[in-house]
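Report on one structure; see the data block that follows.
Every read-out reported here was derived from the displayed coordinates using simple, explicitly stated rules and does not represent laboratory data. Quick caveat: nothing in here was measured; it's all calculated off a predicted structure. When we count neighbours, we look across all protein chains shown, and the Cβ atoms used for this are built from the backbone with ideal geometry, even at glycine.
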Amino acid sequence: MANITESLKRVAGTVFVILQTRLELLANELDEERLRIEKTLLYAGIALLFFGLSIMLLTVLVVVVFWDSQRLPVLGGLSAFFLIAGLLMWNALRLTAKKRHPLFSASLAELSDDREHLSP
């Protein structure tokens with residue numbers, strides 16, 4: 001009877017070690033995903049700042065060049081261009097937001113491997 005009890009304790013210990021390892025892997029994946037998202041948002045924000053400044057300066061330059069002869073058509077054309085570009089980017093953002101990256105893919109793969117190894 002003592003052998004069965006010891007054997008059950010070892011099996012339970014092994015199961016808890018496996019669960020602990022999987023939970024640690026899951027926590028690592030969450031942390032990596034959080035860091036990746038923060039880094040992406042930081043770079044996107046800085047890029048948007050510089051793109052916005054360059055677009056504003058380019059617009060001012062074009063308007064100044066055509067100030068005497070065609071300022072209203074130039075302003076109208078640039079406004080239409082920026083509106084169309086904004087709508088295209090909004091559509092691209094919507095499509096990108098719909099795509100999902102499988103979260104916890106490494107953890108799910110490890111759990112699948114565990115299930116295969118433990119199945120009879």
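Among Ser54, Ser79, Ser69, determine the one that fluctuates most according to a GNM of the chain built with springs between C-alpha atoms less than 10 Å apart.
Residue with maximal mean-square fluctuation among Ser54, Ser79, Ser69: Ser69.
Restricting to DSSP H runs of at least four residues, report the calculated mean residue ellipticity at 222 nm for the chain, -39500 (n - 2.57) per run over all residues, nearest 500 deg cm²/dmol.
One gets -32500 deg cm²/dmol as the mean residue ellipticity at 222 nm.
Taking θ = phi - 60°, what integer Hz values does the Karplus form 6.51 cos²θ - 1.76 cosθ + 1.60 yield along region 54-67, in sequence order, with x for Gly and Pro?
5, 5, 4, 5, 5, 4, 4, 4, 5, 5, 5, 4, 9, 4
Treating the angle as unsigned and between 0 and 90°, give the value, to the nearest 10°, between the Cα long axis of helix 71-98 and the longest Cα principal axis of the chain.
In the chain, helix 71-98 runs at an angle near 10 degrees to the longest axis.
Mind putting together the pair-distance distribution for the chain? All Cα pairs, 5 Å bins, whole percent per bin, short to long.
2, 8, 9, 12, 10, 8, 8, 7, 6, 5, 5, 5, 4, 3, 2, 2, 1, 1, 1, 0, 0
Fully extended, how many nm does the chain gain between Gln70 and Leu25 (0.36 nm per residue separation, minus their Cα-Cα distance)?
9.9 nm
Mind checking which of Leu49, His117, Thr59 is farthest towards the positive end of the chain's charge dipole, using Cβ charges of +1 (Lys, Arg) and -1 (Asp, Glu) about the Cα centre?
Thr59
Calculate the dipole size of the chain relative to its Cα centre from +1 charges on Lys and Arg beta carbons and -1 charges on Asp and Glu beta carbons; express the result in debye to the nearest 20.
That gives the chain a dipole magnitude of about 440 debye.
Assigning unit charges at the beta carbon (Lys, Arg +1; Asp, Glu -1) and nothing else, what dipole magnitude in debye, to the nearest 20, does region 20-86 show about its Cα centre?
So the magnitude is around 280 debye.
Where the convex hull is taken over the Cα atoms of region 50-97, what is its projected area averaged over directions, in nm²?
3.5
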